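Rule-based calculations on the coordinates, nothing more; no lab input. What you see is a predicted model, and the numbers here were worked out from it, not measured in a lab. Every residue, glycine among them, receives a Cβ derived from its backbone with ideal geometry; neighbour counts consider all protein chains shown.
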Amino acid sequence: MTPPTHLQNKQSDPDSKPQGQETLTLTLDGEEVTFFAGETIYEVAERHRKEVPTLCYDPRLEPFGACRLCVVELEGARNPVASCTTQAQPGMSIKTKTPAIEEHRKVLLEMVVSENDGIEVDPLRGYASQELSTLVDRYGADTGRFQGAQSGCSKFEDDNPFILRDYNKCISCYRCVRVCAEQEGDYAISIKGRGFETQITTEFDGLLKDSACTFCGQCVQTCPTGALADRKALRAEGQDGELQKTRTICTYCGVGCSVDLVTQEDRLVAVQPAMDGPANEGALCVKGQFAFDFVQNPDRLKKPLIRREDGELHEAEWEEALQRAADGFLKALDEHGRHSVYAIASGRAPSEAAYTLQKWIRSGFGTNYIDNCSRA
Amino acid sequence: MRSLTDDEILESLRGEPAPLLPILHAFHDRDGYLSPEALKVISKGLRIPIADLYGTIDFYHHFSTGEGGHHQARVCTGPICCLKEGNQILEALRSQGATPMPCAGRCDDPVVVLKGNQALLGTSAENLQPRRSPLPPEAPTLEGFEECVFAHIRSPERSQFAGYRSTGGYNALEKACSQLSQEDLLSQVEASGLAGRGGAGFPTGSKWRAVFNAPGDPKSIVCNADEGEPGCFKDRALLDHDPHAVIEGMALAAYATGAERGFIYLRYEYPETYAILEQAINDAESNGFLGENILGKFNFKLYLRRGAGAYICGEEGSLLNSLEGKHPFPRNRPPFPVTHGFEDLPTVVNNVETLASVPPIVLKGADWYQCLGHDQNAGTKVISLSGDVNKPGNYEIPIGFPLMHLIQDWAGGTPSGKRVQAVTMAGLSGGFLAGEDLDVTLDEPCIRSKGSFLGAGGIMVFDETRDMVEIAHQAMEFFAEESCGKCFPCRIGTRRLSERLGGHAGPGELTQWLNEVEALGQTMKATSSCGLGIAAPLISDSLVKYFPEQVENHVKS
Ligand SMILES: Cc1cc2nc3c(=O)[nH]c(=O)nc-3n(C[C@H](O)[C@H](O)[C@H](O)COP(=O)(O)O)c2cc1C
Ligand code: SF4
Ligand code: SF4
Ligand code: SF4
Ligand code: FES
Ligand code: FES
């Protein structure tokens with residue numbers, strides 16, 4: 001499985017100028033570069049492929065400034081500044097990778113590793129789950145340094161079927177809390193305590209199912225350590241076969257969220273939101289995110305069934321089944337008139353099918369009794 | 001008296017700005033704790049998500065969620081009370097549910113125990129009594145120097161409206177309103193060289209001018225009376241004994257900047273001060289120095305808000321978030337409060353002492369204030385002096401005054417004449433000074449040249465019998481417990497440093513130990529998001545610098 005790519009997905013040509021904006025310039029690692037008003041230093045650096053490391057950053061959220069990995073040297077400033085929260089200004093002179101800055105980043109990673117019981121997690125845990133371990137490798141951070149107490153307390157007793165709350169691996173970046181508030185608008189989770197005792201919580205420290213949580217899974221997918229993990233995906237943990245991602249569109253409703261289906265050999269093991277999906281930007285609802293078991297359910301119908309004289313359902317061929325349905329409709333029409341027929345199109349049907357259905361109801365039967373299930 | 005119903009509490013406060021804290025306190029006082037039902041009612045009434053509200057009240061030290069929690073004793077185990085009987089009192093009261101609390105700003109009168117809304121003082125669990133907080137000790141006369149903020153504080157009745165008036169109170173506001181334009185007042189404060197007394201030392205005149213110039217209304221004046229720094233208790237003295245001076249300073253700030261509303265954010269640990277301020281605000285308002293159409297010139301409504309126990313809420317961004325009912329993390333800067341303060345509108349945040357300095361400056365002039373300092377320094381500074389000295393208390397000194405002169409001559413030296421081993425600076429935030437570096441003058445340039453800073457002016461004295469590693473450990477434990485948890489270097493770094501100073505974790509070999517402590521400190525200082533994480537390593541750095549042998553013994557054992 002590939003490492004997180006949502007930042008790269010957002011990258012555009014470093015030299016492209018946003019239209020209608022005044023061109024401003026600053027110095028980045030000794031080179032004069034252009035930017036536009038409102039950009040942060042991080043965004044400018046990212047556009048110029050500086051690979052500034054981050055852990056608390058998610059391009060969809062308000063910059064927060066927790067991890068401090070994105071610090072850069074700004075000429076004239078007493079201390080390094082967090083590039084994600086600092087607006088670029090004309091004339092700034094910025095260095096993204098001095099030895100001192102790189103050393104601070106390494107120490108920060110060593111500090112954050114020291115608060116956890118381990119950082120290697122199965123990529124099945126979630127979309128961003130490899131972010132921490134990838135950075136630790138990149139910086140050659142010493143995972144044995146700064147030993148001491150561990151933070152975060154897993155809440156394994158929350159036995160909901162979707163989300164594992166393994167806070168022993170939490171690094172308090174608060175991406176989960178912020179995505180729930182800013183993207184999902186649910187405010188189901190929050191921050192309790194302070195300092196090293198900080199803990200992600202819900203109202204009255206209860207279970208997710210007793211909270212405002214809708215199990216959209218966004219917190220899971222933005223978590224950079226796998227502390228929040230996709231329980232359904234983890235059913236495939238340890239199974240043979242390479243993980244593969246296939247980009248498609250969620251079939252549940254008309255919004256058209258882009259998803260990556262995660263498969264292992266011929267099995268669908270997880271769904272992950274596409275961070276660059278134009279309709280959803282990484283958001284999904286509980287159905288798109290977690291309700292995929294039906295795909296491989298052995299009970300799933302593969303052939304039409306007809307109830308015969310014996311009162312039991314029997315497998316049949318399509319020809320016969322369709323004829324049987326058509327007869328039924330005609331009978332209803334004959335006996336009770338054209339308004340006795342009412343159609344509800346499935347929200348999962350493509351537009352073409354929905355169009356055909358309403359055409360069939362309106363001109364075939366002569367009634368306007370047609371609706372769609374995803375009106376709610 | 002019948003206690004208020006939920007709806008009555010909500011209705012009486014919902015219309016005011018910054019309503020969450022007073023509403024929480026009203027429920028906390030009424031019920032003795034914050035029950036889940038109360039939180040649900042408040043969440044609904046103020047439209048704050050219940051998960052956020054639950055998490056946020058947990059941030060504060062003093063909001064209890066267990067029945068009766070509000071009335072259980074909190075015993076100060078800060079650096080000074082610890083030298084006295086703090087720990088013994090805590091142990092004696094533990095069976096009754098007592099818990100420790102960090103320095104409660106009474107280091108000149110230890111030990112302090114908070115019970116409900118009362119501060120009790122004593123030296124054992126048996127003799128705890130309420131008493132008025134100490135006045136600043138009478139200062140020795142000094143050629144060419146007079147006090148600025150303490151000039152009248154010892155006059156009887158100065159804390160009452162009539163007493164304040166009869167000693168020249170509100171004359172500055174009257175003078176400003178009748179003789180000075182906003183521009184005049186701004187220039188005068190600028191010319192005085194007055195700089196922030198809350199720690200950062202930002203020039204007050206420039207701050208006011210920035211707010212005056214910033215677009216957006218209504219503007220606010222916030223008086224930072226959180227005074228959470230251990231070893232600092234000067235704001236308490238000013239507010240207890242000269243509350244109208246601070247109110248007058250705020251009114252002058254409002255007049256100068258065009259602000260229409262003001263807040264005093266008072267730390268939880270000063271319940272008596274709350275009552276004094278409440279009275280003072282009422283009196284000022286009924287006498288026309290607050291409220292509508294003040295002296296025919298301007299409107300300024302002042303609100304009193306009480307914190308709930310969080311050192312970080314003294315940091316201005318965190319304070320503003322706390323006022324707004326948000327999770328009290330500090331804010332990212334820029335933007336600064338002068339343009340994006342309370343409710344994202346232009347706001348002056350000033351320390352109590354800064355504000356109290358303004359009326360004398362307006363009355364006596366910028367030059368007068370300038371000349372109060374020693375040598376090149378402008379003005380005065382209140383030093384809260386405590387620990388191993390004979391006469392602990394608040395001393396207003398000319399800036400630039402020699403430290404040892406203050407300790408030996410003004411405060412009577414150490415009890416039984418023991419050698420001063422070390423002092424802290426800026427409460428705890430400036431770390432230690434020791435050895436030859438005790439020979440400093442009390443001004444920022446001099447103290448900064450030693451790698452420390454004067455800050456809010458808390459100085460704790462430790463004589464030669466004290467275990468400096470243990471004191472450093474307690475100090476770091478304070479920072480670890482008060483770290484807000486927002487940024488990694490401070491959240492983790494303060495905990496790791498405290499573990500190393502306390503001997504709970506870390507390398508057992510000296511070079512490695514020093515290497516880790518230094519690396520943690522360097523990265524905390526360079527990358528922390530606010531002053532807490534930047535300052536905390538000064539404790540470990542200065543310990544290693546001045547007391548290498550004590551450190552070596554500690555690591556070895
Ligand atoms: C951790 C921390 C705690 C602070 N606590 C206080 C405080 O208790 N009182 C105070 O006036 N300033 C405190 N400050 C400084 C304020 O952020 C701010 O600079 C000050 O209130 C501005 O007022 P001044 O310019 O009058 O000093 C604190 C700063 C930090 C970083
Ligand atoms: S699953 Fe969605 S609603 Fe539930 S806590 Fe996570 S982000 Fe919030
Ligand atoms: S659970 Fe994950 S996303 Fe949430 S704060 Fe912890 S590490 Fe960050
Ligand atoms: S330095 Fe400490 S107190 Fe300040 S924002 Fe960071 S964690 Fe919070
Ligand atoms: S990415 Fe900037 S502080 Fe975390
Ligand atoms: S009041 Fe107890 S240490 Fe300051």
Q) Across segment A:262-279, in residue order, what do the Karplus-derived ³J(HN,Hα) couplings come to in whole Hz, using 6.51 cos²θ - 1.76 cosθ + 1.60 with θ = phi - 60° and x for Gly and Pro? A) 9, 10, 9, 6, 9, 10, 7, 10, 6, 10, 10, x, 8, 5, 9, x, x, 8
Q: Would you calculate the separation in nanometres between label points at residue B:191 and residue B:165, each defined as 7 Å from the Cα along the Cα-to-beta-carbon direction?
A: 3.1 nm
Q | Options B:55, B:155, B:372, ranked by Cα towards positive dipole end of the protein assembly as shown, top entry (Cβ charges) | A | B:55
Q) Any idea what the relative contact order of chain A is, in percent, if you count C-alpha pairs under 8 Å spaced at least 6 apart? A) 11 percent
Q: Starting with the fewest neighbours, write out B:194, B:277 ranked by other beta-carbon atoms found within 10 Å of each beta-carbon.
A: B:277, B:194
Q. Residue separation times 0.36 nm, minus the C-alpha to C-alpha distance between residue B:12 and residue B:368: what's the value?
A. 123.6 nm
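Between residue A:25 and residue B:344, how high is the FRET efficiency from 1/(1 + (r/R0)^6) when r is the Cβ-Cβ distance and R₀ = 45 Å? Nearest 0.05.
Details: r = 29 Å, r/R0 = 0.65.
It comes out at approximately 0.95.
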Q. What average number of partner chain Cβ atoms lie no more than 10 Å from the Cβ of the residues making up B:515-527?
A. 5
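Over 23 Å between C-alpha atoms is what I'm after, so list which of B:175/B:297; B:84/B:556; B:234/B:525; A:97/B:525 land there. Spell out each step's value before the answer.
Details: B:175/B:297 12 Å; B:84/B:556 28 Å; B:234/B:525 27 Å; A:97/B:525 18 Å.
Flagged as over cut-off: B:84/B:556; B:234/B:525.
If the viscosity is 1.002 mPa s and the temperature 20 °C, what Stokes-Einstein diffusion coefficient in µm²/s follows for chain B when Rh is the Kirkwood radius over Cα pairs? It would help to have the intermediate numbers written out before the result.
Values: Rh = 23.9 Å.
The calculation lands on 90 µm²/s.
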Q | Sorted largest first, extent of segment B:380-463 alpha carbons per principal axis (Å) | A | 32, 24, 19
Q | Dipole of segment B:72-121, positive end: most advanced residue of B:79, B:116, B:89 [Cβ charges, Cα centre] | A | B:116
Q. Segment B:369-441 to segment B:194-208: how many Å between their Cα centroids?
A. 21 Å
Q.
Considering all projection directions equally, how large on average is the shadow of the alpha-carbon convex hull of segment B:161-370, in square nanometres?
A. 10.5 nm²
Q) Once every DSSP H run of n ≥ 4 in chain B is given -39500 (n - 2.57) and the sum is divided by its residues, what mean residue ellipticity at 222 nm do you get, rounded to the nearest 500 deg cm²/dmol? A) -12500 deg cm²/dmol
Q) Once the Cα atoms of the protein assembly as shown are picked out, what are the Rg and Dmax in Å? A) 32.3, 117
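Rounded, prolate or oblate for segment A:23-110? Axes are the square roots of the Cα gyration tensor eigenvalues, ordered a ≥ b ≥ c, and the cut-off for rounded is a/c under 1.5.
Working: a/c = 1.82, a/b = 1.26, b/c = 1.44.
Here segment A:23-110 falls in the oblate category.
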Q) Using the eigenvalues of the Cα gyration tensor, what equivalent ellipsoid semi-axes result for segment B:102-241 when each is taken as the square root of five times the eigenvalue, whole Å, largest first? A) 33, 20, 16
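Work out the mean other chain Cβ neighbour count within 10 Å for the residues of A:98-108 and drop it here as an integer.
Details: counts 0, 0, 3, 2, 0, 4, 8, 2, 2, 10, 9.
If you average over the peptide's residues, the count of other-chain Cβ atoms is 4.
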Q. What spacing in nm lies between the two simple spin-label points modelled at residue A:342 and residue B:504, each 7 Å away from Cα in the Cβ direction?
A. 6.6 nm
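How about segment A:131-177: which chymotrypsin sites (Phe, Trp or Tyr not before Pro) there are in a DSSP loop, with at most 10 other Cβ atoms within 10 Å of their Cβ? Please report the intermediate quantities before stating the final value.
Values: sites: A:139, A:146, A:156, A:162, A:167, A:174; in loops: A:146, A:156, A:162, A:174.
Sites meeting the loop and neighbour criteria: none at all.
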**Q.** Equivalent ellipsoid, segment A:305-372 (semi-axes from 5 times Cα gyration tensor eigenvalues, Å)
**A.** 24, 17, 10
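For the peptides B:319-325, A:298-304, B:177-183, what is the packing order when you average, over each peptide's residues, the other Cβ atoms within 10 Å and list the highest mean first?
Numbers: B:319-325: 23.7, A:298-304: 8.9, B:177-183: 13.6.
In decreasing order of mean packing, B:319-325, A:298-304, B:177-183 become B:319-325, B:177-183, A:298-304.
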Q.
So if I take the centroid of the Cα atoms in segment B:503-548 and the same for segment B:75-92, what is the distance between those two points in Å?
A. 26 Å
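At a Förster distance of 60 Å, what's the computed FRET efficiency of residue B:126 paired with residue A:214, Cβ-Cβ distance as r, to 0.05? Can you show the working numbers first?
Details: r = 57 Å, r/R0 = 0.94.
After rounding to 0.05, the efficiency reads 0.60.
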Q: Quote the FRET efficiency, to the nearest 0.05, computed for residue A:95 versus residue B:297 with a Förster distance R0 of 56 Å and r equal to the Cβ-Cβ distance.
A: 0.65
Q | Percent breakdown of C-alpha pair distances by 5 Å bin, ordered from the shortest bin, for segment A:125-200 | A | 3, 12, 17, 25, 22, 12, 6, 2
Q) residue B:391 label point, 7 Å along Cα→Cβ, cut-off 17 Å on backbone N: hits in segment B:154-169? A) B:154-155
Q: Just rank B:158, A:348, A:60, A:247, fewest to most, by other beta-carbon atoms within 10 angstrom.
A: A:247, A:348, A:60, B:158
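Let me have the 222 nm mean residue ellipticity of chain A computed from DSSP H runs of 4+ only, each contributing -39500 (n - 2.57), with the sum over all residues rounded to the nearest 500.
On the way: 9 runs with 79 residues, N = 376.
So the helix-based figure for chain A works out to -6000 deg cm²/dmol.
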(Q) Can I get the semi-axes of chain A's equivalent ellipsoid? Compute them from the C-alpha gyration tensor as square roots of 5 times the eigenvalues, in angstrom, largest first. (A) 50, 26, 18
Q. Can you give the relative contact order of segment A:67-144 as a percent, counting alpha carbon pairs under 8 Å and 6+ residues apart?
A. 27 percent
Q | Cross-link partners of residue B:391 among aspartates and glutamates (Cα-Cα below 12 Å; sequence separation of 8 or more within a chain) | A | B:108, B:109, B:138, B:409
Q.
Nothing charged except the Cβ atoms of Lys and Arg (+1) and of Asp and Glu (-1): what's the magnitude of the dipole of chain A about its Cα centre? Round to the nearest 20 debye.
A. 560 debye
Q: List A:318, B:368 from most exposed to least, where exposure is judged by having the fewest other Cβ atoms within 10 Å.
A: A:318, B:368
(Q) Show me the helices of chain A, taken as full DSSP H stretches, that run 20 Å or more along their long axis by Cα and average -0.5 or above in Kyte-Doolittle hydropathy. (A) A:99-114
Q | Sequence-distant lysines (8 or more away, or on other chains) whose Cα lies within less than 29 Å of residue A:232 | A | A:10, A:155, A:169, A:192, A:209, A:245, A:287, A:302, A:303
Q: Restricting to chain B, compute how many DSSP beta bridges are antiparallel as a %, nearest 5.
A: 50 percent
Q) Mind listing which chymotrypsin sites (Phe, Trp or Tyr not before Pro) in segment B:445-524 are in a DSSP loop and have 10 or fewer other Cβ atoms within 10 Å? A) none
